[in-house]
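This report refers to the structure that appears directly beneath it.
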Amino acid sequence: MRIPYETPPALGREFIELAPEVVAVILLTLATGWRHACAAEDVNANAGEVLMTERLRDGMRYALKSSPWKQIMVLPGTESRSNSSVIVPDGRTDIPLAFVEIFLRTQEHDPHAIIECKRIAGSNTHLCREYVVEGMDRFIQEKYGENHAIGFMVGYVLSGAPSESAEGVNAHLKRVSRDTDHLAPSSASDTPTWESQHARSRPSKPIRLHHAFLGL
């Protein structure tokens, strides 16, 4: 099964634009993987973000075993460089994804999609702020996915409904006068998700973030 992406430019680093069906598969794999993760007794509201992410990664790998999308690789969390001019790693990606076909066609060794994970609760203003500042902004400021048109955010919902977490993030964005970055319900997947669109330093290359709020 071919994974479509935008035709690369003649010069410069390859710009990766995943097709809608690929986005849908990633979001479905997140939802299915999380159901497997929640079967573990140590995944609860008191668990740390690192443990939750490791369980989610294992669950996604398990889900892909029975999926036709065998060319998706769920990689370990790894140190990352925001661009090729940075020598010392300046970030650490939570769940990087690689696609065999994209690598074969572009020889792009860095992740082809990145999933950033945060604990969240709509009623917790601190966690909502961290979701934006330490999560979304890493994509918007090109610390992550500098050559990606699409990024992914996961919120581990500690309390309340997933929709309340989306509302809490939007409330924070409104408080800091960033209404244009708001999250809106998405039809990208059969599972409930949200999406947001963001300008970056290069106006011609904005980034769209897909948000999956995963309840315990």
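The values are calculated or read from the model by the stated rules, or taken from the named source; none is laboratory data. Note that the coordinates shown come from a computational prediction; the quantities given were computed from them, not determined experimentally. Glycine gets a Cβ as well: all are built from the backbone with ideal geometry, and neighbour counts include every protein chain shown.
Worth a mention:
- Filter pass, R178 being among the basic types (K, R) and either within 21 Å of A24 (Cβ to Cβ) or in contact with a His (Cβ under 9 Å, 6 or more places away or on another chain) (or both): yes
- Per-region count, the stretch 170-203, residues part of a loop (DSSP other than H, G, I, E, B), of a type in the set (S, T, N, Q) and surrounded by fewer than 12 Cβ atoms within 10 Å (Cβ to Cβ): 3
- Contacts under 8 angstrom Cβ, first residue in the stretch 98-125 being under 19 Å from T78 (Cα atoms) and free of Cβ contacts under 8 Å to residues at least 40 places away in the same chain, partner aromatic (F, W, Y) and surrounded by fewer than 20 Cβ atoms within 10 Å (Cβ to Cβ), 6 or more apart: H109/F103
- All positions within the stretch 179-216 that are under 15 Å from R129 (Cα atoms) and free of Cβ contacts under 8 Å to residues at least 24 places away in the same chain: D179, H182
- Just so you know, in the stretch 148-169 the residues that are under 18 Å from the mean Cα position of the chain (by Cα) and surrounded by fewer than 19 Cβ atoms within 10 Å (Cβ to Cβ) include one that is modelled with the lowest pLDDT, and it is A149.
- Checking every residue in the stretch 150-159 against the condition of being over 15 Å from S196 (Cβ atoms), in a helix (DSSP H, G or I) and in contact (Cβ under 8 Å) with a residue 12 or more places away in the chain gives zero matches.
- Residue within the stretch 195-208 that is of a type in the set (A, V, I, L, M, F, W, C), closer than 28 Å to S159 by Cβ and touching a helix residue (DSSP H, G or I) at 6+ places or on another chain (Cβ under 7 Å) present: no
- Filter result for the condition that a residue is modelled with pLDDT of 95 or more, more than 14 Å from the chain's Cα centre (by Cα), closer than 22 Å to A212 by Cβ and not acidic (D, E), over T53, T78, T32: T32
- As a summary of the residue check, P206 satisfies the conditions (1) under 16 Å from the mean Cα position of the chain (by Cα); (2) at pLDDT 95 or above; (3) not basic (K, R) except for the one numbered (2).
- Restricting the stretch 91-108 to residues that are modelled with pLDDT under 85 and under 18 Å from the mean Cα position of the chain (by Cα), the residue that is farthest from L30 (Cα to Cα) is G91.
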